[in-house]
Amino acid sequence: MHSEAVLLAQQHLTSLFILLFLGTMGGKMAEKLRLPDVAIYIILGMILGSSVLGLVSLEAESIVNQMILLFGASFILFHGGMVTGLDVIKQVWRTITLLSTLGVVITAFIVALAASYIFNIPFSVALLLGAILASTDPAALVPIFQKFPIRRKVAQTVITESAFTDATGAIMATVVFGLLMADSYISWPLIGMQFLQLSLGGIVVGAVTGWVAAFLISENDRGLLREFTPMVIVLTVLGAYLVAERIHASGFMAVFVAGLVVGNAKSLRLTILPKQEHEAHVFIDAVGLKLRMLIFILLGSQVDFDVLQEYGLQGLLVVLVFMFIARPLTVIASLIPDKKAKWTRSEILFFFWTRETGVIAAALVGIVASSGLPEGKLLSAIVFVAILITLILQASTTPGVAKKLNLLDRR
């Protein structure tokens, strides 16, 4: 006879087996259909979840689910940093700065205005929703740009935007949520101060952690852990996130900056040997694939069709405002002023459409839903509608849109 703990562990292992097995089949299907795998994963999750087959059941508020989301999001953000070149950032840093600051605010406010009007909820709650939805999704974007030869300047700008807006969107959501739970009035100077603390603290922690990691796996005589490059990657992701959060800085910003430093070690006069660099990328690709499977199948399995039926139509209206009003205005306000980047009409139109939402929004709304906020159920429904629509519709058509706009490079 087995104890209750052993039986529970076996149940979780069974769910893990089902997730990985069917996720592998789904990934192969996506490859054959030339579709982004995350769209297939989320549809698989919806079929496997309690609302349909009931083969996978893991509550959004559970510790296991939150650990998978947080580590998965952190790992994928680190990967986004590693594949981002400093040369591209130097070329388009004004655009990225505007997208991740002014753009986040524009998106949050437009979504908040729409949600407060459509659902008749307090503006502060609606602003929390806008902040949650303000970030794009590296978990969906990084794999697309790895598989399809979209123009490097565009691809890396979108990836960098996703990393920075994930951090800044999460920071804004954290601040607004903290004020809501404390039942305080929204103080814009306070939000500004906390934003600076979280973002700058995350940048410093990430830079230091990334430099230490690059130093330990570099070719110099003190590169003590070259043979353990994959483990150094894992420790860097965990260390950057946990240290930043412990000092009340942004863990998401920290892991992206750490990845950026490791991926651009040569600029810091630290040379990582080809063998270690290859090991790092192979390891990250393999682990990233498993994390994408887990994250998006779990997200799909947690879709509550009853809640979607109750709030789905109105939530869809908010998401349409989010996609077709907030995003274009954000792109116009962020790309047009950057004359040095020389954005073309086709590139701007591509930015209009590239607006996937996923991991970070799911992680943030999971925290909100488990907090006891009265509107938590409503916010969860709207966020899941946004995730479903943007991943299934936008992620699956991004390569086609790039081809239509002549943004595919020949390899």
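The numbers here are math on the coordinates, done by the rules we state, and not lab data. Quantities reported herein were computed from a predicted structural model and do not represent experimental measurements. Positions of Cβ are generated from backbone atoms using ideal geometry, with glycine treated the same way; all protein chains shown enter the neighbour counts.
A few comments on the model shown:
- Counting every other Cβ atom within 10 Å of each residue's Cβ, SER15, SER346, SER380 order from fewest to most as SER346, SER15, SER380.
- On full extension, the segment bounded by LYS377 and ILE18 gains 126.4 nm, given 0.36 nm per residue less the C-alpha separation.
- Shape of region 279-411, Cα gyration tensor, a/c cut at 1.5: oblate
- Per-residue [θ]222 nm for the chain (sum of -39500 (n - 2.57) over DSSP H runs n ≥ 4, rounded to 500): -24500 deg cm²/dmol
- Amide H contacts under 5 Å for ILE150, placed H, 5+ residues apart: ASP409
- Residue separation of ALA9 and LEU242 scaled by 0.36 nm, minus their Cα-Cα distance, works out to 81.3 nm of gained length.
- Sites ASP285 and ILE63, calculated FRET efficiency, Cβ-Cβ separation with R0 30 Å, nearest 0.05: 0.65
- Above-threshold pairs, the threshold being 25 Å between Cα atoms, out of LYS28/LYS266; LYS32/LYS153; LYS153/LYS339; LYS32/LYS404; LYS90/LYS342: LYS28/LYS266; LYS32/LYS153
- Note on LEU268 and ILE348: their simple-model spin labels are 3.7 nm apart, each label 7 Å out from Cα toward Cβ.
- Between SER50 and VAL234, residue separation times 0.36 nm minus the direct Cα-Cα distance comes to 63.0 nm.
- Debye-sum result for the chain in log10 I(q)/I(0), which assumes one identical scatterer on each alpha carbon, at q = 0.09, 0.10, 0.11 Å⁻¹: -0.52, -0.64, -0.79
- Separation of alpha-carbon centers, region 53-125 and region 367-399, rounded to whole Å: 11 Å
- Label-point gap, in nm, between LYS147 and GLU310 - each point 7 angstrom along Cα→Cβ: 3.6 nm
- Span-like helix criteria (full DSSP H runs; alpha carbon extent of at least 27 Å along the helix axis; mean Kyte-Doolittle hydropathy of at least 1.0) are satisfied in the chain by 63-82, 188-216.
- Distance between modelled label sites at LEU393 and ASN406, nm, 7 Å Cα→Cβ extension: 2.8 nm
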